[in-house]
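The values are calculated or read from the model by the stated rules, or taken from the named source; none is laboratory data. Remember, it's a predicted structure, so these values are computed and weren't measured experimentally. Cβ placement follows ideal geometry from the backbone for every residue including glycine, while neighbour counts extend to all protein chains displayed.
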Amino acid sequence: MPALKDFLKQIREELKEKEAVREKMQSNARKATSLSKQSILLIHQKKLKEAKKLLRNASRIIHDLCETAGKYPDVAHSGMLSAARQEYAEAAIFLKLVEHESFAAPEEVKVPSIDYALGLADVIGECRRLALDALREGDGEKGERCLEIMDEIYVELMSMDEAYMLVPGLRRKCDVARKVIEITRGDITQEIRRSAHEKRLEGLANLKSKKKT
């Protein structure tokens, strides 16, 4: 008949195994998150080829994490996997917006719906940065397009009705996004007015120059 210490030994071994799995998952989740963040920076730098390479690596890591989570579901419920998928979703959606001016579907991104929605909400912040870069480059039209995309994401997320309330963290992200959108709208409006004023001054200067001749 097995002794109690044998039962406890088996439990200890199981716990040690789970702890090793948990540590490895945390390490890989951090790596996938880091790769996705780096990819976003490269997208802003217009280095899309390099960004895609990092995203492919992040995708492979997340795929492996999901397989491990299937074997150890109690270990995977710490939120680390969801956070990595959200960051990856944000990068993948943003990449397609920049490259093709269209949204990547959830099946393209290959993450659960909740992580897709939360990642999408974070894209609004990246679009603001894109809009500001466009304004600095003197491209007001591109800045306005970025603002339109930000508005579209926000409105569509808010229109999810009951689902909007069922996605943990989405309301908070949308509250932040609303403020970001309004600040961006102010920046773009100010730039448009400044540009229009400069054009009027140039027109007056040209008119005076013609009168002198």
- [ ] Looking at (1) modelled with pLDDT under 95; (2) more than 16 Å from the chain's Cα centre (by Cα); (3) assigned to a helix (DSSP H, G or I), find the lone condition where MET160 falls short.
- [x] (3)
Open item on the list: Of everything in the stretch 59-74, what is at pLDDT below 85, in a helix (DSSP H, G or I) and surrounded by 11 or more Cβ atoms within 10 Å (Cβ to Cβ)? Give them in sequence order.
Closed with: ALA69
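With respect to LEU54, is the statement that it is in contact with a helix residue (DSSP H, G or I) (Cβ under 8 Å, 6 or more places away or on another chain) and either touching a residue at least 40 places away in the same chain (Cβ under 8 Å) or farther than 21 Å from LEU118 by Cβ (or both) true?
Taking the combined requirement at face value, the residue does not satisfy it.
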TODO: Could you check, for the stretch 28-46, whether at least one of its residues is without any contact (Cβ under 8 Å) to a residue 60 or more places away in the chain, hydrophobic (A, V, I, L, M, F, W, C) and not in a helix (DSSP H, G or I)?
DONE: no
Task: the stretch 34-68, residues that are farther than 15 Å from ALA104 by Cβ and in contact with a Leu (Cβ under 6 Å, 6 or more places away or on another chain) - done: LEU35, GLN38, GLU50, LEU54, ASN57, LEU65
Open item on the list: Go through (1) under 23 Å from CYS146 (Cα atoms); (2) free of Cβ contacts under 8 Å to residues at least 12 places away in the same chain for GLN86 and report which single condition fails.
Closed with: (2)
- [ ] From (1) touching a Cys at 6+ places or on another chain (Cβ under 8 Å); (2) over 23 Å from ARG128 (Cβ atoms), pick out the condition that doesn't hold for GLU108.
- [x] (1)
